[in-house]
Structure formats: C-alpha cells, structure tokens
Amino acid sequence: MANPLKQLAGETGIYGLSTVLARIVNFCFVPIYTRVLSTSGYGVVSEFMAYIAILQVLLVLGLETGCFRFANKEGADQRKVYSSALVAVFGISAAFLACMIIFARPLAGMLGYAGYESVIMYIGGILFCDSITAILFARLRQDHAAVRFAVIKTLKILTELGGNLLLFLWFPGYCERHPGNVLTTFVPPTPDFSYAIFAIFVSCVLCLVLFLPDIFRLRLSYDGKLLRRMLFYSLPLMVAALPGVVNDFLDRILFRFLDTNAEAWRSSLGVFQAAVKLSVIMNLFIQMYRFAAEPFFFQRARDPKSKEMYAIVMEFFTAFCGLIFLGVILYIDVFSLILGRDFRSGIGVVPVMLLSYMILGMNFNVSMWYKLSEKTNMAIWITLAGLVVTTVVNVVFMPKFSYWAAAFGHLASYVVMFIFSTVLGQKYYPIPYRWGRILLFFGLMGVFYGVAYGLGVRFWPSPGIHWAQLGVNTSLILLYCGICVALLFGQYKKIGTLA
C-alpha cells in the first residue's frame, strides 16, 4: 500500500495549485489596489470581504464537513448525501439573495455607502454562488478529484484576475472615449472599491456555470430524514465555525467603531489589511493542507494506527510552517515592495500574523478530535473562547494601538483556542503528540529569527535591501531545512509502516 503521507502530500500539492494561483493573483491585486486605490478605498474592500466570509459560513450550514462524515459511513449513498445537502443550501441561499436585492438601498445607506446599492446586490450574488459551489467542491474532494477541483478553481481565479485588470487598467480609459456606455450600468466610470467586488461576482457566476453538469448528474433529490441527521451533526460545526470566522474578521468590522483615528478608520484598516497580505503564504499553505487533510483524517479514522499517524503529521506540519515563517521574515524587505508606499507603515505586524496563522493551522490538526469522535458541540465552546479573547483585546487596546491590537488579538485568540482544544482532545480522543519535538521547531524558528535580526542590526542597520544580508539569511534558512530533515527522516520512514 502506498505511503499515506505521500497521498496527503500529493493531494495537498494538487489542491495547492489553484490555491497558490489564487494567492499569487491576490499578490497581483495588492500592488494594483495599493497604488490605484487610496488606503481608505482598500479598507472598504476589506470590510466587505469580512461580511462575505462571515455570511458564507451561515449559508453553507456546516454541510461541507457533514457530507464527508455521512458519505463515508458504511453503506452510505453518496449521491443522496450530496444531493440533499445541495437542495438545503440552494433554498437558504436563494432566499438570502432575494433579501439582498429587495433591501439593497437601506443596507447601503446604513453602512454609509449610499449610491452603491449594486455592490450590495453583487455581494448577495457572490454568496449565493459560493454557497452552492462549496458543496460541489466538497464532492470533488470526497472523490479525490483534485485535478478537476484545481481546474475549476483556476478558471474562477483567472476570471477574477481578468476582471480586475480590465476594470482598473482599461475601463476608465474606455469610459473617457465612450461616455455613458452600457457597462457603467454595473460599475462607475472611475476606479473605486466596487471594481474589486464586481470582478469577484463575475468569477463566482462562472464557477457556478462550470458546475452545472455536476448538478445535473446528481439528479437532485431530497431525503428529509437523512438531511435532519446531517444537520444535527453539521449545525454545531456551523455554530462553532461562525465564532471562528467572526474571530478572524471581527477586527475589520471593529475598526469602524474603535480605531484610534475615528475619521480615518478605513485608512487604518487598509494599511493593516495590506500588511496581512504579506502573511498570506502561511495562510495559503494551511488552506492547501486543510483541503487534503480533512478527508484524509476521516478516511483513516477506523485504522487502529491512525492516531500515531496523526501525531507524526503534526510534526511535519509544524516544521514546514516554521520554514514559511522564516522565509517571509528573512526576506521581508523584498516582500514589502509589493505594497504601495502609503501602505508600508504596517509592515511590523507581519511576524505577528505569520505566527498567528501557524498556531491556527496547528489548531486545525488538534481539533480533528471532536469531528472524529462526533463531539462537535465542544467546538462551539472552544471557538467562543477565542472570540471572547479577540473581542476583549480589540475593545481594550484598539482605541490606543489601532491595527497592532488587531494583530495581537489574532495571536492571543488562536493560542487560547489551541490550548483548549489540545487539553480537551487529550481527554476525549487522545493522540500521542510529541510536544517536545514540536516545541523544538518553535525554538529553532526563534533562534534563526533572532540571529538574522541581530546580524541585521549589527551590519545592515540602514533600511532597504542589502544583498549580503539576503545571502546570510538564505544560508540560515538552508541550515534550518537541514536540521528539520535530520529530525524528521526517521518519522517519514515510520509513517510508511503505519499504512
């Protein structure tokens, strides 16, 4: 039997092709956004993306994970599982879209964006399409159709990229030559935040169209008894995920009420979000890993050696996250050039956000216990604890420290969630993690970061890119890789015997 770690790594890589492309495209957007839009305009885009992320969790009802659970039960009819889930999500999403269209004007006015009713409708359309395709993407993951998953994601991403490039770089000039053209019905003739939202909307519509053959093949039917069982399992996950997503995006919403400069809160949010984009590589890997790891964990849950396998996977995960952390931090002067000059003042929060995302990824690993043991109600309390920490840190410190409070709020929240999930997991579904080795990887990260920082202060104190410093930092990264390979080589051989 093939080494399961190879399968996990292989599928992570395939899923990652589209995810990497998405993040690369986001990197392409950042230089455009931070040079064409003002800091406040970019802040508006960030605010709307926070609303989208939170509402999508509600509309999918936690059925992505629920489908994995019930499709893998012995004797399960996978078509019926996914068909029932899709019918439920379609009904909820269609009702939501109708409300967004009907109430677009008062919602835009309430948020302070009067005249942008079309943006509210686009957001409704984005959520409608994304909620439906979330179930269909889950079906592809269940079937290990990683290539098709990547192809559809890639086409969606390229559509969004093309839309942004056309709108920001071509459309304003076209409007000068052809005033009053039909396209101005959808977006204004001068660049603003609505361009970014409209490009996402178009890409989501295309993605749904690409899935139409899958919808027809499912031969949609509704099994009420099965759906009730799925919802009983999935709704606690949705309720648990909601505080988690709110936790991730709450700071973007609180800027409106708590930022140190109340009149320029959108600018503070724009600067912070631009800095967060430089931490995207860590978040990228975690998303790639999650796509492959969730079905991987479920499909091996009945294996008596699975817990030992999960523990080894955690060590590889931590070591690789450490490499990403060092790779970004030791080349931060290069990465900062991605941002427009007005946005570089927030670069200091990047290490904090990288570490936060790393802890969040580790929390995904240790939190599998409540999904595998069907104690999903416990997830609610864990994520609520994290949300409380985020809220307290931001409410207390944002009025004084602005986006620094947002960054440390993420870190404190994820650490608390990780500790709670680990302690409860060892009680209800013990996995033999080797915490000494995991802490060793953190120690190596700290040592190499400290050495690089100390050498930088001593030999290259002036700002800017120094090629000698980059050469030294590259050597430090290679040394870290060599140590990790030496530490993990035996574990890699061992995991092959657990298959």
Given the conditions (1) at pLDDT below 85; (2) under 15 Å from A274 (Cβ atoms); (3) of a type in the set (A, V, I, L, M); (4) open to solvent by 30 Å² or more (accessible area, probe 1.4 Å), every one holds for M49 apart from (1)
Identify, please: which residue in region 413-428 is open to solvent by less than 30 Å² (accessible area, probe 1.4 Å) and over 20 Å from A319 (Cα atoms) and is, among those, modelled with the lowest pLDDT?
G425
In region 279-316, which residue that is modelled with pLDDT under 80 and among the small types (G, A, S) is nearest to A145 (Cα to Cα)?
A292
Name the residue, out of K371, K375, that is at pLDDT below 85, open to solvent by 10 Å² or more (accessible area, probe 1.4 Å), part of a helix (DSSP H, G or I) and closer than 27 Å to K73 by Cα.
K371
With respect to the numbered conditions (1) closer than 16 Å to M49 by Cα; (2) open to solvent by less than 30 Å² (accessible area, probe 1.4 Å); (3) in contact (Cβ under 8 Å) with a residue 60 or more places away in the chain, which one is the sole condition not fulfilled by L136?
(1)
Does C175 satisfy the condition of being in a helix (DSSP H, G or I), over 26 Å from V328 (Cα atoms) and in contact with a Lys or Arg (Cβ under 9 Å, 6 or more places away or on another chain)?
no
Y116 vs. criteria crowded, with 18+ Cβ neighbours inside 10 Å and within 21 Å of Y51 (Cβ to Cβ)
yes
Specify the residue that is nearest to D251 (Cα to Cα); the eligible residues are those in region 412-432 that are among the polar types (S, T, N, Q) and in contact (Cβ under 8 Å) with a residue 24 or more places away in the chain.
S413
Just to verify a result, which residue in region 201-253, among those that are charged (D, E, K, R) and touching a Ser or Thr at 6+ places or on another chain (Cβ under 9 Å), is nearest to R79 (Cα to Cα)?
R219
Extreme residue, most open to solvent (accessible area, probe 1.4 Å), among residues of region 195-225 that are at pLDDT below 85 and aliphatic (A, V, I, L, M)
L220
Considering only region 270-287, how many residues are open to solvent by 20 Å² or more (accessible area, probe 1.4 Å) and aromatic (F, W, Y)?
1
Reported set for region 288-310 where residues are surrounded by fewer than 18 Cβ atoms within 10 Å (Cβ to Cβ) and closer than 30 Å to P31 by Cα is R290
Per-region count, region 72-109, residues within 28 Å of the chain's Cα centre (by Cα), closer than 30 Å to W265 by Cβ and open to solvent by 60 Å² or more (accessible area, probe 1.4 Å)
2
Based on what the data block shows, is L183 closer than 30 Å to G115 by Cβ, open to solvent by 60 Å² or more (accessible area, probe 1.4 Å) and assigned to a helix (DSSP H, G or I)?
yes
Which condition number does P213 fail, the rest of (1) free of Cβ contacts under 8 Å to residues at least 24 places away in the same chain; (2) within 30 Å of M368 (Cβ to Cβ); (3) not aliphatic (A, V, I, L, M) being met?
(2)
Taking the condition of being of a type in the set (A, V, I, L, M, F, W, C) and over 15 Å from M398 (Cβ atoms), how many residues in region 266-275 meet it?
2
Within region 383-412, take every residue that is hydroxyl-bearing (S, T, Y), touching an Asp or Glu at 6+ places or on another chain (Cβ under 9 Å) and part of a helix (DSSP H, G or I) and give me the one that is surrounded by the most Cβ atoms within 10 Å (Cβ to Cβ).
T390
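The values are calculated or read from the model by the stated rules, or taken from the named source; none is laboratory data. Just so it is clear, the structure is predicted and the values come from calculations on it, not from any experiment. Cβ coordinates were reconstructed from backbone atoms using ideal geometry, including for glycine residues, and neighbour counts include every protein chain displayed. Note: accessible area is taken over every heavy atom of the protein model, side chains too, but ligands, DNA and RNA are not part of it. Shrake-Rupley method; radii C 1.70, N 1.55, O 1.52, S 1.80 Å.
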